Amino acid sequence: MRKFLKYFLVLGLMAVCLFVPFKRGCETLAPFIAKLSAQLSPPASEASSASASAAPAAPDSELCPDETSQTDLGEKGETFSFKGYKIHQLARFSVRGVLLSKHDYSSGAEDRAYRSVLSPCDFSIGWGPMSNPTVLKNFTYFQKDRFVYYACSRRFSAEADRLHTDWHIANIHLIPANESISSALGRINPRDIVTLSGELVEVFQRDQRIWKSSMVNTATGDGACKLLFLRRVEWREHPAGTEGIPLPHVPGPDEQQPDLKTQATH
């Protein structure tokens, strides 16, 4: 209330300038007006801090709007030994997105032995429209056999095509660079916002390539997954706005889903 009255006082004093001889009136009142204006304006550091603080995401907004970052290395890509295999770098890569699903393959029961040794965990990441809770509520997804399976409701399929949702979800085979990163992966859960950075790679055994990363975001089906040598991981646990995101769900054998279109794999 006090601040409100000060604004009216400033306006009133400025109006007086119109009726007092211009030079004398403004010279007399200017210092007083400047003093009141200074009291009403917040310090610069406060304004900067307020603008820097992130507001909670709106329910219908992309939590991670940025596209993935990728720089092809070409001849600059290095080859190095790791756990008995040769790793060749194809591109620098980073992604910031919502963790939709994660799956542990460390036991080797669901995959070839060498893949489990190198990459004990897969993350399914969504960004852009696939980080929007309003969009994601129309989807069902889960991971199995090194794939992410996902489908949207029939009523949403046209909108999903318009948004290119297939281009904003990736199943990423993670090769942790060290034990610290490997341990951190176990603490990250669906609905967390995660940033992954490293290199897309291909793997050789006795000079024969046995595994290679996809290099594009537009591919689907077998061979469309990323193979990421993970050098850095950051995450935020269940930040505001993620509570409406569906958790991964594996349909039961007797579960009827009449509203789902054909599932796609990535």
**Request:** Tally the residues that are touching a helix residue (DSSP H, G or I) at 6+ places or on another chain (Cβ under 9 Å) and assigned to a helix (DSSP H, G or I), restricting the search to segment 163-191.
**Result:** 5
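Which is part of a strand (DSSP E or B) and hydrophobic (A, V, I, L, M, F, W, C), of 98, 117? It would help to see each step written out before you state the result.
Details: 117 fails: part of a strand (DSSP E or B).
Exactly one of 98, 117 is part of a strand (DSSP E or B) and hydrophobic (A, V, I, L, M, F, W, C), namely 98.
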**Asked** In segment 153-190, what residues are in contact (Cβ under 8 Å) with a residue 40 or more places away in the chain and surrounded by 22 or more Cβ atoms within 10 Å (Cβ to Cβ)?
**Response** 168, 169, 170, 171, 172, 173, 174, 175
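So that you can scan it fast, the table gives a plain yes or no per residue for (1) modelled with pLDDT of 95 or more; (2) assigned by TED's automatic domain parsing to the domain that holds residue 135; (3) more than 20 Å from residue 86 (Cα to Cα):
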residue: 184; (1), (2), (3): yes, yes, yes
residue: 190; (1), (2), (3): yes, yes, yes
residue: 215; (1), (2), (3): yes, yes, no
residue: 220; (1), (2), (3): no, yes, yes
residue: 234; (1), (2), (3): yes, yes, yes
residue: 240; (1), (2), (3): no, yes, yes
**Prompt:** Can you name the condition, by its number, that residue 111 falls short on among (1) farther than 23 Å from residue 237 by Cα; (2) out of contact with any Phe, Trp or Tyr (no Cβ under 6 Å at 6 or more places or on another chain)?
**Reply:** (2)
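Answer yes if at least one residue in segment 143-158 is of a type in the set (S, T, N, Q) and modelled with pLDDT of 95 or more, and no otherwise. Quick ask: steps written out before the conclusion?
Start the filter on segment 143-158 by keeping residues that are of a type in the set (S, T, N, Q), which leaves 143, 153, 157.
After this cut, where a residue has to be modelled with pLDDT of 95 or more as well, the list is none.
Checked segment 143-158: no residue is of a type in the set (S, T, N, Q) and modelled with pLDDT of 95 or more.
Return the residues of segment 112-147 that are of a type in the set (Asp, Glu) and over 19 Å from the mean Cα position of the chain (by Cα); say none if nothing qualifies.
Let us first name the residues in segment 112-147 that are of a type in the set (Asp, Glu), namely 122, 145.
Residue satisfying the conditions is 145 alone.
Look at residue 62 and say whether it is under 19 Å from residue 228 (Cα atoms) and either among the acidic types (Asp, Glu) or modelled with pLDDT of 50 or more (or both). Steps first, please.
Details: under 19 Å from residue 228 (Cα atoms): no; either among the acidic types (Asp, Glu) or modelled with pLDDT of 50 or more (or both): yes.
The answer is no for residue 62.
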**Fill in**
Reported set for segment 113-140 where residues are at pLDDT below 95 and within 17 Å of residue 222 (Cα to Cα) is 115
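The values are calculated or read from the model by the stated rules, or taken from the named source; none is laboratory data. Remember, predicted model here, so these are calculated numbers, not experimental data. Using ideal geometry, Cβ is built from the backbone for each residue, glycine included, and neighbour counts are taken over all protein chains shown.
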